[in-house]
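Step one of this worksheet: look at the structure below.
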Amino acid sequence: MPQIIDGKKISQQIKDELKAEVQELASKGRHACLAVVQVGNDPASSVYVNNKKKACAYIGIESRSYELPEETSENELVSLVEELNNDAEVNGILVQLPLPGHIDEDRIIRTISPDKDVDGFHPVSVGRLWIGEKGFLSCTPAGIIQLLKRSGIGIEGKRCVVVGRSNIVGKPMAALLLRENGTVTVAHSRTKDLKEVTRQADILIVAIGKERFITHEYVKDGAVVIDVGMHRDAQNHLCGDVDFADVEPFVSAITPVPGGVGPMTIAMLMNNCVETMRTQEERS
């Protein structure tokens, strides 16, 4: 039987560790405040924002919520972000994506101070990741590294294939696997003979955005499969980019959807918030 990697359990372990660390840092006068900005009332975004607030409350971090109407202008949002950049009491800034179509997401991401960019999306954060400097890591890829490590799955020397090259998952995932001494291939929509590429993988990480796209023909026997996708199928059931039922019998370990990668993203966001407290500690 393959190992079913339990993201709920591992994320709870991380949050409990962070909660204890926050209490210790708070006793030394260190505090953190996360500003969460949402424009409009997209239902999925509202769920994510609410989960982030709950996680902050659980581990003992203050959260400030800025819920702006859909018609908020790009310049108004830039002004708010700049105000938060200059607020010494705010350690982290998170602007919930996606933004309404009339707002340039890239401009907003670039406006956030890299020192408060707890999502790890700013070009400076991305650059720090690729050259190995200390900085905020993209939350989903960082969570996947923790899933592997805490499940006893070694990365060093393994052939790792990442399917997907987005700035939020695919590219930073490749950088983090390299940092852990994996041998990394990034595949994407233009990759020829995709099945041949993915069947080389000891660790296959799928972030392709296509419902149940990866079947057992894409997977080497005994591989570890990490599914980043999240979709609702025709029966309104949550599913991933991997056809779990088809792939599971052939692998050594696999993440389910839901309950795999998803909970880790918020856990690692909380870790980035606590990192701002650790930095205060180091500077004192």
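When you scan segment 112-138, how many residues do you find that are closer than 23 Å to LEU77 by Cα and of a type outside the set (D, E, K, R)?
The total comes to 13.
Taking the condition of being of a type in the set (Phe, Trp, Tyr) and not in a helix (DSSP H, G or I), how many residues in segment 53-87 meet it?
1
Restricting the first residue to segment 67-87 and requiring it to be over 14 Å from ASP117 (Cα atoms), which pairs with a second residue that is polar (S, T, N, Q) and assigned to a loop (DSSP other than H, G, I, E, B) meet a Cβ separation below 8 Å and a spacing of at least six or different chains?
Short answer, once both residue conditions are applied: GLU67/ASN41; GLU70/ASN41.
For segment 235-255, which positions are touching a residue at least 24 places away in the same chain (Cβ under 8 Å) and assigned to a strand (DSSP E or B)?
Within segment 235-255, CYS239, VAL242, ALA253, ILE254 qualify.
Yes or no: GLU70 closer than 17 Å to GLY120 by Cβ, out of contact with any strand residue (DSSP E or B) (no Cβ under 6 Å at 6 or more places or on another chain) and among the acidic types (Asp, Glu)?
Considered against the rule, which asks whether it is closer than 17 Å to GLY120 by Cβ, out of contact with any strand residue (DSSP E or B) (no Cβ under 6 Å at 6 or more places or on another chain) and among the acidic types (Asp, Glu), GLU70 comes out as no.
Restricting to segment 1-14, name every residue that is surrounded by 17 or more Cβ atoms within 10 Å (Cβ to Cβ) and not aliphatic (A, V, I, L, M).
ASP6, GLY7, SER11
On the given criteria, is ILE103 buried (at least 17 other Cβ atoms within 10 Å of the Cβ), in a loop (DSSP other than H, G, I, E, B) and touching a residue at least 40 places away in the same chain (Cβ under 8 Å)?
yes
If you take the residues in segment 160-194 that are farther than 14 Å from VAL206 by Cα and basic (Lys, Arg), which one is modelled with the lowest pLDDT?
ARG190
Within segment 16-52, how many residues turn out to be surrounded by 14 or more Cβ atoms within 10 Å (Cβ to Cβ), more than 15 Å from MET277 (Cβ to Cβ) and hydrophobic (A, V, I, L, M, F, W, C)?
So the count comes out to 5.
Please determine, by comparing only the residues of segment 260-284 that are modelled with pLDDT of 95 or more and assigned to a loop (DSSP other than H, G, I, E, B), which one is farthest from the chain's Cα centre (by Cα).
Per the stated criteria, the residue is GLY260.
Going through segment 232-284 one residue at a time, which ones are among the aliphatic types (A, V, I, L, M) and exposed (fewer than 15 other Cβ atoms within 10 Å of the Cβ)?
If the condition is that a residue be among the aliphatic types (A, V, I, L, M) and exposed (fewer than 15 other Cβ atoms within 10 Å of the Cβ), then ALA234, LEU238, ALA245 are the ones that fit.
Based on what the data block shows, is GLY152 touching a Phe, Trp or Tyr at 6+ places or on another chain (Cβ under 6 Å) and in a loop (DSSP other than H, G, I, E, B)?
When the stated conditions are applied, GLY152 does not pass them.
The values are calculated or read from the model by the stated rules, or taken from the named source; none is laboratory data. What you see is a predicted model, and the numbers here were worked out from it, not measured in a lab. Reconstructed Cβ throughout: ideal geometry from the backbone, glycine too, with neighbour counts over all protein chains shown.
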